[in-house]
Amino acid sequence: MSQPSSLSEHFDYIIIGAGSAGCLLANRLSANPDVNVLLLEAGKKDNYFWIPIPIGYLFTINNPRTDWCYKTQPDPGLNGRSLNYARGKVLGGCSSINAMIYMRGQPRDYNEWASLGNPGWDFNSVLPYFKKSENYIHGADDVHGDQGELRIEERRVNWEILEAWRDAAEQTGIPKVADFNRGDNFGNSYFQVNQHNGVRQNTNKAFLKPVRHRPNLTVITEAHVKKLILEKTDKGKRATGVELHIKGSAVSKINARREVILSAGSIGSPQLLQVSGIGPAKLLQKYQVPLQHHLPGVGANLQDHLQIRMMFKVHNTVTMNQRANSLLGKARMGLEYLLFRSGPLTMAPSQLGAFARSDDSYETPNIEWHVQPLSLDKFGEPLHSFPAITPSVCNLRPTSRGHVHILSPDMNNQPEIKLNYLSTAEDQKVAADSMRFTRRIMSADALRPYQPEEWRPGSSIESDENLIKAAGDLGTTIFHPVGTCKMGNDEYAVVDEQLRVHGIEGLRIIDASIMPTITSGNTNAPTIMIAEKAADMIIKCQN
Ligand SMILES: Cc1cc2nc3c(=O)[nH]c(=O)nc-3n(C[C@H](O)[C@H](O)[C@H](O)COP(=O)(O)OP(=O)(O)OC[C@H]3O[C@@H](n4cnc5c(N)ncnc54)[C@H](O)[C@@H]3O)c2cc1C
């Protein structure tokens with residue numbers, strides 16, 4: 001994986017971005033020794049201290065070593081606030097800095113993709129691709145696989161208060177389940193995580209490291225792709241390579257014999273298309289980017305999960321707040337991790353989850369809780385000194401839509417990321433209803449011994465109007481942007497069901513940006529499934 005001094009040879013495939021999707025693709029495509037694969041990553045290697053330690057999440061986001069450190073536009077739905085919008089900039093991409101929760105979503109999500117004009121993407125068709133990459137700790141069965149590379153394990157730490165929360169959720173009508181990934185995810189359970197023996201397993205570790213010895217696979221880090229090279233053909237235009245800057249190298253262009261594959265994520269992929277002249281004509285004209293192909297949907301249709309971080313003080317128990325605020329507590333946590341790979345340092349920040357319907361009009365769960373045995377005002381700030389928990393709740397299928405638009409033709413400049421959270425009446429209603437639902441759980445009998453007191457937003461806030469305002473004050477991203485290069489065949493579709501860019505030959509997009517609608521859960525496993533299925537499509541084209 002050293003930086004090559006000469007790249008004069010032509011590669012068959014160039015994959016842009018070594019994130020959740022890119023690492024898997026590099027593995028699958030280079031399995032054929034007759035094709036040469038080049039994987040380019042703008043970030044550095046993943047040998048940073050905090051990446052393998054699960055709780056290190058708190059130190060890798062908002063850190064330029066590992067994060068692009070984007071900021072969203074001030075959002076009216078968030079009462080004018082803008083958010084730090086973390087995206088991994090390192091081998092493994094977001095899988096190196098994410099919260100490791102393994103969640104597929106619901107069959108209805110994929111059936112909806114198929115019904116939107118994407119044959120082959122219904123749940124029964126995608127299930128084998130979830131299973132293929134999976135190494136499930138409890139072994140294979142009808143929905144799980146154990147022959148893949150991606151390890152899925154159980155949590156390694158218990159909190160009394162979370163056990164009580166599970167009982168309280170059950171008393172409120174949300175049953176205990178063992179595994180969220182068997183059906184429509186209704187119920188409450190501990191999240192399963194992408195860890196191996198208590199250590200984060202990013203997609204570099206899972207898919208790339210085991211095959212990096214392959215002579216037909218070249219991986220270059222600190223290689224920032226600046227533009228796609230497009231050439232005129234009889235039929236139209238074809239992507240034939242990339243312009244890029246590689247740290248310490250004079251190489252500035254590389255060609256691809258077969259395909260260029262864009263896996264730069266939901267922010268990077270539309271930005272790179274736009275600076276290359278593929279996107280909404282008016283936007284490109286505004287920034288003097290010569291138009292190569294008008295595709296109005298590039299950067300549109302941005303969707304994300306907004307979590308409303310309600311916080312409750314608790315009594316008569318220990319939460320992470322006390323442990324992190326005491327020297328002895330910190331030392332104990334460090335020792336437990338070093339000796340047993342257990343304890344709070346193995347923690348994904350959210351350990352416990354629940355899925356339910358905010359009202360009966362939804363056929364399947366439309367809200368998800370991430371319950372944390374800790375509280376803090378903002379990511380990056382210290383934990384509160386008092387014991388508290390954060391049962392944050394999000395709308396799984398928001399109807400608000402935003403966009404990613406370039407603000408300059410230069411890839412070094414961040415694009416405009418506008419979410420428009422809570423901008424529809426439906427999203428506002430779900431926000432208010434889900435906050436009331438959280439209060440019902442918190443006042444159930446099982447939590448009574450812990451005397452919960454609502455710290456944020458505060459129990460005096462009751463009307464719809466005030467709850468929606470509070471959702472805007474407390475709401476923050478769960479870092480699930482998708483949809484900015486959506487798959488389909490309508491005017492705003494960017495790729496077809498084979499993930500080929502409409503109107504441009506030799507160019508596919510394979511990452512979270514192709515989701516037409518957001519999945520009803522966390523987005524890493526669906527992105528890995530997308531890459532697995534797309535790899536299969538590409539390999540079939542070779543024959
Ligand atoms: C803080 C955080 C927590 C999250 N928690 C969870 C969770 O617990 N569970 C879950 O399911 N999902 C979670 N997610 C979301 C999930 O990780 C993402 O949906 C998924 O990783 C997206 O994968 P991707 O391949 O589309 O993009 P990425 O993984 O972002 O990969 C894109 C890669 O492309 C590189 N790149 C971008 N532009 C260029 C360029 N011009 N040249 C070269 N390289 C480029 C980037 O550096 C990056 O490595 C979280 C995300 C974050 C940020």
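Some points to look at:
- Here the residues K71, K209, ranked from fewest to most Cβ neighbours within 10 Å of their Cβ, fall in the order K71, K209.
- The range 316-330 and the range 186-232: distance between their alpha carbon centers, rounded to Å: 34
- Beta bridge orientation in the chain: antiparallel %, DSSP, nearest 5: 65
- 0 to 90° range, to nearest 10: angle between helix 425-442 axis and the chain longest Cα axis: 40
- Here is the tail figure for the range 409-531: Cα pairs spaced more than 19 Å apart come to 65 percent of all pairs.
- Measuring between their Cα centroids, the range 358-415 and the range 16-82 lie 18 Å from each other.
- Mean Cα-pair separation over length for the range 409-543, i.e. relative contact order, pairs under 8 Å, 6 or more apart, %: 15
- Compared with the dominant principal axis of the Cα atoms in the chain, helix 265-275 is inclined by about 40°.
- Local net charge near I51, Cβ-Cβ under 11 Å (Lys/Arg +1, Asp/Glu -1): +4
- In the chain, the calculated helix contribution to ellipticity at 222 nm averages -7000 deg cm²/dmol per residue, counting -39,500 (n - 2.57) for every DSSP H run with n ≥ 4.
- For the range 157-316, relative contact order (Cα pairs under 8 Å, six or more residues apart, normalised by length) works out to 10 percent.
- Kirkwood hydrodynamic radius of the range 1-91, Cα pairs, Å: 15.6
- Taken over the C-alpha atoms, the chain has Rg and Dmax values of 22.7, 74 angstrom.
- Burial ordering of I504, I97, fewest other beta-carbon atoms within 10 Å first: I504, I97
- Residues with amide H under 5 Å from that of Y85, placed H, sequence gap 5 or more: Y70, K71, T72
- In degrees, nearest ten, helix 327-340 long axis to first principal axis of the chain (Cα): 60
- Ranked K89, K247, K469, criterion: other C-beta atoms within 10 Å, fewest first: K247, K469, K89
- Structural descriptor for the chain: relative contact order 22 percent, calculated from alpha carbon pairs under 8 angstrom and at least 6 residues apart.
- Annotation: lysines with alpha-carbon distance below 21 angstrom to K232 (same-chain offsets under eight excluded): K253.
Readers should treat all values here as calculations from the given coordinates under stated rules, not as data from a laboratory. Owing to the predicted nature of the structure, the values given are computational and were not obtained by experimental measurement. Positions of Cβ are backbone-derived with ideal geometry, glycine not excepted, and every protein chain shown enters the neighbour counts.
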